[in-house]
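Worksheet: one structure, shown below.
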Amino acid sequence: MNNDSSIAQIAAILRDEAGRLGAGARLPSSREIVRRHGVSPVTVSRALGRLAAEGRVIIKPGTGAFVAHLVAAPHDTADLSWQTVALGDRVVDESGVTSLLSPPADGVIPLTGGYLNPGLRPDKQLAAAAARAVRRADAWAMPPLPGLVELRRWFAAQAGGDVTTSDTLIVSGGQAALTHAFRAVAAPGTPVLLETPTYPGALAAAKAAGLRAHAVPMDRDGVRPDLLAEAFAMTGARVFCCQPTLHNPTGATLTLERRAQVIEVARAAGAFVVEDDFARYLTEQPPPSLVSMDGHGTVVHVQSLTKVLSPSLRVAAIIARGPAAHRLRASQLVESFFVARPLQETALEFVTSAAWRRHLTAVHAEIATRRDTLAAALAAHLPAAELHLLPRGGMHLWVRLPADTDENALVEAAQRNGALVSPGRIFYPSEPPGPRLRVTHMAAANLAELVEGVRRLGQAFTDLPAPATG
């Protein structure tokens, strides 16, 4: 045994003994340790020196070595408050997004969520597409930096109009696309306009980019162009983010007339429109995209596959023209280089196969059935709730509660009663106009579970304490 290993071995033995003896106890003398373990006095001295350096023993010359009172390791008690100064006052608030992505507890029926129930996902077909994709000779090679040409061409055709392959950039999902778009077309500290209510992920991404969110009101036909023009004039904003098709959470779809008006209002303000076209595949007859109606580079278009296929298929496209397109490509390159080629190849394999159309047909039929079932269940079990509208697709219904309802108390009571639902407040950039709920029909396992979830929600509403009267 060499000297270094002997020192380590004796140090380990004494470390264990110190742990057994406890603070303040005296360790055996050096002479006794030499006798017990057959090592030299120098080895014992150096082993004790190691323990002293660790703070485990205190050596008192002429008296012996004593077990020290151990304090927590520095990393356990480090004061990290200094970071609050270094980080500044910008806050990344993930709470709204986390609440939408968190799975329900056992026995709780999900009436919230942004993706298909696992039973509705085309998992087997996606697995087959992935298997075919990774067998390609170049499946693990570096892809073209903007994305596979064939996949970009497919997304461009889906957007319509005169959109080209060169206008299209592949990114890692719709949320990443929104983040890239905000950082590319707006400087930190500047205002951004958002529909109210709005998708919490868009609101969180805008705030994380350092933008100041301002709300633009909507009605049943989507954002109001007159108020959008007023908001541009009042705030000086140069970006408006919207979901013109099956808006989340209201389900509103902009009319063709308003689509043209929104583009003209933004163009007159010298501003961009970030079009989050997340629901293009959640309806049988999607209207023309804003980008297909835009001839001046006003619209930055976002289109994703995750909502209709799988949350783990993080593949989306951003479509833009001019300097904005260049900045988006530069941002993608600097932040993440490119989207993994096997994922792109899998997406391309699936959307160009017959399974894609079969899946869309099945999803559209399921959406219609579940939407109608949810509307009927709400009428039966929560008649006090008023539907904003009955959308022609999508995953959600937006409901208004009686003005004196405690929205927070209802959401918490529903969860205790076994139903998970989204509170309306997380969808507002500013103060909400009253109690609201977003109720999702595509997250429950089946129609029976969906109805039972609404029954639990209705019971929670019935059991709420009566509002106090002054």
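Here, each number is a calculation from the coordinates, and none is a lab measurement. Bear in mind that the values here come from a model prediction, so they are computed numbers and not experimental data. Because the Cβ atoms are built from the backbone with ideal geometry, glycine has one as well, and the counts that use them run over all protein chains shown.
At a glance:
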quantity: Sum of side-chain charges, GLN303 neighbourhood, beta-carbon under 11 Å (Lys, Arg +1; Asp, Glu -1); calculated: -1
quantity: For segment 150-207 versus segment 19-38, the gap between their alpha-carbon centres in whole angstrom; calculated: 68
quantity: Test item: Cα-centred dipole of the chain, Lys/Arg +1 and Asp/Glu -1 on Cβ, debye; calculated: 1560
quantity: Label zone at ALA354 (point 7 Å along Cα-to-Cβ), backbone N below 19 Å, segment 119-155; calculated: 122-133
quantity: Prolate/oblate/rounded label for segment 138-351 (Cα gyration tensor, a/c 1.5); calculated: prolate
quantity: Aspartates and glutamates whose Cα lies under 13 Å from that of LYS207, excluding same-chain neighbours fewer than 8 positions away; calculated: ASP89, ASP93, GLU94
quantity: Separation of the PHE337 and LEU87 label points, Cα + 7 Å toward Cβ, nm; calculated: 2.9
quantity: Cut-off 12 Å between beta-carbons: net charge of the residues surrounding VAL315, Lys and Arg +1, Asp and Glu -1; calculated: +2
quantity: Farthest positive-ward along the chain dipole, Cα basis, beta-carbon charges - from PRO435, LEU14, PRO402; calculated: LEU14
quantity: Span from the segment 434-463 Cα centroid across to the segment 305-358 one, whole angstrom; calculated: 33
quantity: Among beta bridges that DSSP assigns inside segment 145-302, antiparallel share in %, nearest 5; calculated: 10
quantity: Considering only the chain, percent of DSSP beta bridges that pair antiparallel, nearest 5; calculated: 55
quantity: Estimated dipole of segment 3-67 in Debye, rounded to 20 [Cβ of Lys and Arg +1, of Asp and Glu -1, Cα centre]; calculated: 160
quantity: Dipole of the chain, positive end: most advanced residue of VAL67, LEU227, ALA365 [Cβ charges, Cα centre]; calculated: VAL67
quantity: Lysines whose Cα lies under 27 Å from that of LYS124, excluding same-chain neighbours fewer than 8 positions away; calculated: LYS307
